[in-house]
1. Take the conditions surrounded by fewer than 16 Cβ atoms within 10 Å (Cβ to Cβ), under 23 Å from Leu8 (Cβ atoms), of a type outside the set (Ser, Thr, Tyr) and touching a residue at least 24 places away in the same chain (Cβ under 8 Å) and apply them to Trp58. Does it pass?
2. Out of (1) at pLDDT 95 or above; (2) within 21 Å of Leu4 (Cα to Cα), the odd one out for Leu22 is which?
3. Do any residues in the range 71-88 that are without any contact (Cβ under 8 Å) to a residue 60 or more places away in the chain and surrounded by fewer than 11 Cβ atoms within 10 Å (Cβ to Cβ) have Cβ atoms under 9 Å from those of residues that are among the polar types (S, T, N, Q) and in a helix (DSSP H, G or I), where the two are at least six apart or on different chains, and which pairs are they?
4. Filter the range 21-42 down to the residues that are surrounded by fewer than 17 Cβ atoms within 10 Å (Cβ to Cβ) and within 21 Å of Leu101 (Cα to Cα), then identify the one that is nearest to the chain's Cα centre (by Cα).
5. Does any residue of the range 87-94 turn out to be farther than 21 Å from Cys11 by Cβ and among the aromatic types (Phe, Trp, Tyr)?
6. Mind checking which residues of the range 89-107 are exposed (fewer than 14 other Cβ atoms within 10 Å of the Cβ) and touching a residue at least 60 places away in the same chain (Cβ under 8 Å)?
7. Restricting to the range 1-45, what's the tally of residues that are outside any helix (DSSP H, G or I) and either in contact (Cβ under 8 Å) with a residue 60 or more places away in the chain or within 12 Å of Leu63 (Cβ to Cβ) (or both)?
8. Taking the conditions exactly as written (under 30 Å from Met1 (Cβ atoms), at pLDDT below 95 and not charged (D, E, K, R)), does Ser70 satisfy them or not?
Amino acid sequence: MTLLAVVLGGCFGAIFRYAISLKIQGMKGILFINWIGSFLMGLSLHIATKTSWMAIFWIVGFLGAFTTFSTFAVQLVESWYKGEMRKATSYAMFTLIGGFLFVTIGWWIGIALK
């Protein structure tokens, strides 16, 4: 049952990520996806019971597939090798700092709602 929750959540998370990336393309799309995913992860960690089927579906499956570190890394390397050092550096900083901030904000809201 747990594996099914991960598979189904991952399927839907990947579909949502793809749909958003069609609307907001490139680095901005992945940055947006990772920020939203970070916020939802922080929020979910305090609201969901971590061992429930729904939490496994949502946190591990959906949000795990929705956010995308590998695409972030590829876009970062591509920019770096094109000589776009400022773009690559700012993208990395916005992703890492923004992700941290959005997880923290979600975390605090999750605590307040609990």
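1. It is false that Trp58 is surrounded by fewer than 16 Cβ atoms within 10 Å (Cβ to Cβ), under 23 Å from Leu8 (Cβ atoms), of a type outside the set (Ser, Thr, Tyr) and touching a residue at least 24 places away in the same chain (Cβ under 8 Å).
2. (2)
3. Listed by first residue and then by second, the contacts come to Met85/Ser79.
4. Only one residue fits best here, namely Phe32.
5. yes
6. Of everything in the range 89-107, those that are exposed (fewer than 14 other Cβ atoms within 10 Å of the Cβ) and touching a residue at least 60 places away in the same chain (Cβ under 8 Å) turn out to be Phe100, Thr104.
7. So in the range 1-45, the residues outside any helix (DSSP H, G or I) come out as 1, 24-25.
Narrowing further to those that are either in contact (Cβ under 8 Å) with a residue 60 or more places away in the chain or within 12 Å of Leu63 (Cβ to Cβ) (or both): none.
Matching residues across the range 1-45 total 0.
8. So Ser70 fits the description; yes.
The values are calculated or read from the model by the stated rules, or taken from the named source; none is laboratory data. Predicted model only: the values in this text are computed from it and were never measured. Note that each Cβ is placed from the backbone with ideal geometry, even for glycine, and that neighbours are counted across all protein chains shown.
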